[in-house]
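Step one of this worksheet: look at the structure below.
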Amino acid sequence: MRARARIGLFVGVGLALAVALAVVVAPRASTEPDGLERVALDHGFADRAEDHALAASPTADYGVAGVGHDGLAIGLAGVVGIAVTFAVVAGGLAVLRRASRRSA
Amino acid sequence: MHAPDGFIDGPTSVALGLVAAGGVGVALRRAGQVLDDRQIPLAGLTSAFVFAGQMVAFPVAGGTSGHLLGGVLAAVLVGPWLGAVCVTVVVVVQALLFADGGLTALGLNVATMALVPALVGGPAFSGLRRLLPRGPSGVVTASGLAAGGAVVLSALAFTAAYAVGGTGTAPLAGVAAGMVGVHVLIGIGEGVITGLTVGAVLAARPDLVWGARHLAPGPAPAGAGATA
């Protein structure tokens, strides 16, 4: 069980680093168009982009709605994304694992 | 490289949705066959870290930015099949929660940003790793090279979708050259970030790195037997 505890520590430190990236670095990240947007602009198909169906979502465009401070809004959105991706992957795999054990 | 709705026409988007769903289904099944309990939290961390890494856009030439795609990073850490699943979850969460990447473009985006990098870049890593000196530096170098190449492959995958169902009227050759040109630069960033991250994990816990399982002494580590 010691190995398991040490994996817990590793995962905890890793998640803390991910949160630090989202809270400290992401608000200072470049806001220039990305590679695909640049090509779309240069080659005249950027205007084909349609509005996102979920553009009104409370975390749209990596900012939590209603948070006055831009950096904080981005950081909080990052924490939401980190929590959701971790939970979906780890939770989903745990369910898959249990199901495959039961059928085995 | 998150395509919005509208860049690719409806029929092509539907076809890519089916391709992506099939690919993710295969990846999930293959990942499940070799899944070790230890890999469950590691896969969660991999997905969360790729999500956070993708928020950090870095500037490249000419008023353009790039960010980590993370498919090769995920493949090196947890294996290509599970890595593809991890990045797929990132792309789906980005579309559903953060309005990043169109809903009709979800199949395209999963294909270009999760499946191509993990399932083509992952095996490319394995091939390069065998050509390089055995040891952590070989793993780091192979990770970085495969990650950089995978970004260009992703750009070509988008270009292929544009060739089949692009709604723009720009000639294909120009779009292809533009996509490859800018993504070579972004790929350099991807390679550096991937190499540094793999190096850091190797320094801390080499036994947890799928791509370095050949270095582990003793019993087979998590995910051994997973083939690319």
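The values are calculated or read from the model by the stated rules, or taken from the named source; none is laboratory data. Note that the structure is predicted; figures quoted are calculated from it, not measured. When we count neighbours, we look across all protein chains shown, and the Cβ atoms used for this are built from the backbone with ideal geometry, even at glycine.
The set of residues in the stretch A:9-51 that are at the interface with chain B (Cβ under 7 Å from one of its Cβ atoms), closer than 30 Å to B:VAL78 by Cβ and free of Cβ contacts under 8 Å to residues at least 40 places away in the same chain comprises A:PHE10, A:VAL11, A:GLY14, A:VAL25, A:ALA29, A:SER30, A:ASP34, A:GLY35, A:LEU36. Taking B:ALA48 as the residue in question, decide whether it is at pLDDT 95 or above and more than 10 Å from chain A (Cβ to nearest Cβ). No; evaluated as a whole, the condition is false for this residue.
Within the stretch B:1-16, can you find the residues that are closer than 18 Å to B:ALA163 by Cβ and not β-branched (Val, Ile, Thr)? The answer is B:MET1, B:ALA3, B:GLY6, B:PHE7, B:ASP9, B:GLY10, B:PRO11, B:SER13, B:ALA15, B:LEU16.
Taking A:HIS43, is it in contact with a helix residue (DSSP H, G or I) (Cβ under 6 Å, 6 or more places away or on another chain) and more than 24 Å from B:VAL198 (Cβ to Cβ)? Judged against the criteria, A:HIS43 is a match.
Yes/no per residue for (1) in contact (Cβ under 8 Å) with a residue 24 or more places away in the chain; (2) within 21 Å of A:ASP42 (Cα to Cα):
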{"site": "B:GLY122", "(1), (2)": "yes, no"}
{"site": "B:SER126", "(1), (2)": "yes, no"}
{"site": "B:PRO136", "(1), (2)": "yes, no"}
{"site": "B:GLY148", "(1), (2)": "yes, no"}
{"site": "B:THR159", "(1), (2)": "no, yes"}
{"site": "B:THR167", "(1), (2)": "yes, yes"}
{"site": "B:LEU172", "(1), (2)": "no, yes"}
{"site": "B:ALA176", "(1), (2)": "no, yes"}
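Taking every residue in the stretch B:97-116 that is aromatic (Phe, Trp, Tyr) and outside any helix (DSSP H, G or I) and pairing it with any residue that is modelled with pLDDT of 95 or more and surrounded by fewer than 24 Cβ atoms within 10 Å (Cβ to Cβ), at least 6 positions away or on another chain, the pairs with Cβ-Cβ distances below 6 Å are B:PHE98/A:THR59.
Only one entry of A:GLY91, A:GLY66 meets the criterion of being at positive phi, more than 7 Å from chain B (Cβ to nearest Cβ) and either surrounded by fewer than 16 Cβ atoms within 10 Å (Cβ to Cβ) or within 12 Å of the chain's Cα centre (by Cα) (or both), and that entry is A:GLY66. Among the candidates B:GLY79, B:GLY23, the residue that is more than 10 Å from chain A (Cβ to nearest Cβ), surrounded by fewer than 24 Cβ atoms within 10 Å (Cβ to Cβ), within 14 Å of the chain's Cα centre (by Cα) and not β-branched (Val, Ile, Thr) is uniquely B:GLY23. Does any residue of the stretch B:29-48 turn out to be of a type in the set (Lys, Arg) and in a helix (DSSP H, G or I)? Yes, the stretch B:29-48 contains at least one residue that is of a type in the set (Lys, Arg) and in a helix (DSSP H, G or I). Filtering the stretch B:29-48 for residues that are under 25 Å from A:ARG98 (Cα atoms), among the acidic types (Asp, Glu) and over 18 Å from the mean Cα position of the chain (by Cα) leaves a non-empty set. Scan the stretch B:2-11 and tell me whether some residue there is over 21 Å from the mean Cα position of the chain (by Cα), crowded, with 17+ Cβ neighbours inside 10 Å and in a helix (DSSP H, G or I). No, the stretch B:2-11 has no match at all.
Against the numbered list (1) assigned to a loop (DSSP other than H, G, I, E, B); (2) more than 7 Å from chain B (Cβ to nearest Cβ); (3) not charged (D, E, K, R), A:ALA99 comes up short only at (1). Please indicate, with yes or no, whether at least one residue in the stretch B:110-126 is within 11 Å of chain A (Cβ to nearest Cβ) and surrounded by fewer than 23 Cβ atoms within 10 Å (Cβ to Cβ). Checked the stretch B:110-126: no residue is within 11 Å of chain A (Cβ to nearest Cβ) and surrounded by fewer than 23 Cβ atoms within 10 Å (Cβ to Cβ). Among the numbered conditions (1) surrounded by 24 or more Cβ atoms within 10 Å (Cβ to Cβ); (2) within 14 Å of another protein chain (Cβ to nearest Cβ); (3) of a type outside the set (Lys, Arg), the only one that B:THR64 does not meet is (1). Scanning the stretch B:164-184 for residues that are under 18 Å from B:PHE49 (Cβ atoms), of a type outside the set (Asp, Glu) and crowded, with 17+ Cβ neighbours inside 10 Å turns up nothing.
With respect to the conditions (1) facing chain B (nearest Cβ under 7 Å); (2) surrounded by 19 or more Cβ atoms within 10 Å (Cβ to Cβ); (3) touching a Gly at 6+ places or on another chain (Cβ under 9 Å); (4) under 17 Å from B:PHE98 (Cα atoms), A:ILE74 lacks only one, and its number is (1).
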